[in-house]
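The values are calculated or read from the model by the stated rules, or taken from the named source; none is laboratory data. Note that the coordinates shown come from a computational prediction; the quantities given were computed from them, not determined experimentally. Cβ placement follows ideal geometry from the backbone for every residue including glycine, while neighbour counts extend to all protein chains displayed. Quick note on the areas: whole protein, heavy atoms, side chains included, nothing else; ligands and nucleic acids left out. Shrake-Rupley method; radii C 1.70, N 1.55, O 1.52, S 1.80 Å.
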Amino acid sequence: MVRYKKSEEKRKQILFAAFQALSELGYDSVTLQTIADHAGVSKGVVHYYFDNKEAVLVELLEWLTGKISAKEQAAVQEQQTATGKLTAYIDSVFAGPAKNRSFYRVYLDFLSRASRIPVYREINQRFYDNCARISTEVLIAGQQEGVFPKELSPDTTAPVIRAIIDGCLIQWLMTDNDDLHGVFKGSCYDAVMKVLSVR
């Protein structure tokens, strides 16, 4: 049991190092050696846990999106009202300039390859399925409260909510201005509310 725990901790250490390396250097510049350097271990240690760079990055994307989905879901479920759920969702996604910058640098690298690498596409689809479940929870809560129109379909509305969120964060990232993070967060909330309030 102790050996298993240490093994899991080492894997997480390597994955976090891979995340840091990707955020700083970009997909094409990352190698097993750069991951090892960021983890403070030898290349042989990384190779012991993962067959190659691709194996590290596949597990990284799975781990990263799973962790974010769980955090967002937990934040939403703590709230009782639709607007509370929506606020908690957007607050959770807009985690802060440093965290959002690191994540979207890495995530956009993965997305640019998802159309050509099936495993990335599958992991990303699971992530967006989870995002859709969260948006659906917000929408249905609002419909039950009478604050969102009954005619809005979760199947078509949920993807739009996440598209607005991701779009706002990508636009913020392109400004390279931390001071605008809160501005884009507010605009994101307003834009989502407009989608959910259309009658």
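Output the residue which, of all residues in segment 82-139 that are open to solvent by 40 Å² or more (accessible area, probe 1.4 Å) and of a type in the set (K, R), is modelled with the lowest pLDDT.
Filtering segment 82-139 for residues that are open to solvent by 40 Å² or more (accessible area, probe 1.4 Å) and of a type in the set (K, R), the one modelled with the lowest pLDDT comes out as R116.
Which condition number in (1) closer than 18 Å to F19 by Cα; (2) of a type outside the set (D, E, K, R); (3) buried (at least 16 other Cβ atoms within 10 Å of the Cβ) is the one that Q73 fails?
The number of the failed condition is (1).
Could you go through segment 65-87 and let me know if any residue there is more than 30 Å from L180 (Cβ to Cβ), not in a helix (DSSP H, G or I) and not β-branched (V, I, T).
yes
Please tell me if Y48 is open to solvent by 70 Å² or more (accessible area, probe 1.4 Å), hydroxyl-bearing (S, T, Y) and on the phi < 0 side of the Ramachandran plot.
Working: open to solvent by 70 Å² or more (accessible area, probe 1.4 Å): yes; hydroxyl-bearing (S, T, Y): yes; on the phi < 0 side of the Ramachandran plot: yes.
Yes: the conditions hold for Y48.
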